[in-house]
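Trainee: Pasting in a structure now, in structure tokens, and then I'll have a few things to ask.
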Amino acid sequence: QVQLVESGGGLVQAGGSLRLSCAASGSIFSINTMGWYRQAPGKQRELVVVITSGGSTNYAHSVKGRFTISRDNAKNTVYLQMNSLKPEDTAVYYCNADVTRMGWTASFNYWGQGTQVTVSS
């Protein structure tokens, strides 16, 4: 199996910064796309940003210029640096990864348990 464990959420004032981390572990052969999604109360889960194994990224318009995704392929870890945070960034942030497991040719999609980010005004 594969597990994604997030860390780094918390409470911050508007204009502040937080850094999220997500480490994948388990029977991993390779990780293709990794990314972050978020879900605010009463809203659907939405894409924040994804990054391919080659480093290509796709950011939501609302976070461009403020958030930066990076990954360490050797550590199977993805990071999200969030700057200039706004109250509307308040949500549970979920890590997502598309993983090819050992002994498999197909890839499977996994989610982390989520980490709360709260931005006060």
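The values are calculated or read from the model by the stated rules, or taken from the named source; none is laboratory data. Please read these numbers as outputs of a predicted model, since none were measured by experiment. FYI the Cβ positions are ideal-geometry reconstructions off the backbone, even for glycines, and counts take in every protein chain you see. Ligands, DNA and RNA are stripped out before the accessible areas are found, and what is left, the full protein with its side chains, is counted by its heavy atoms. Shrake-Rupley method; radii C 1.70, N 1.55, O 1.52, S 1.80 Å.
Trainee: In region 101-120, which residues are at pLDDT 95 or above and either touching a helix residue (DSSP H, G or I) at 6+ places or on another chain (Cβ under 8 Å) or of a type in the set (S, T, N, Q) (or both)?
Mentor: Asn109, Gln113, Thr115, Gln116, Val117, Thr118, Val119, Ser120
Trainee: Sticking with this structure for a sec: Does Leu4 qualify as being under 11 Å from the mean Cα position of the chain (by Cα) and assigned to a strand (DSSP E or B)?
Mentor: yes
Trainee: Return the only residue of Ser70, Ser62 being assigned to a strand (DSSP E or B), at pLDDT 95 or above and open to solvent by less than 70 Å² (accessible area, probe 1.4 Å).
Mentor: Criteria check complete, one pass: Ser70.
Trainee: If you don't mind, another one. Restricting to region 73-121, name every residue that is in a loop (DSSP other than H, G, I, E, B), buried (at least 16 other Cβ atoms within 10 Å of the Cβ) and without any contact (Cβ under 8 Å) to a residue 60 or more places away in the chain.
Mentor: Scanning region 73-121 gives Asn76, Thr90.
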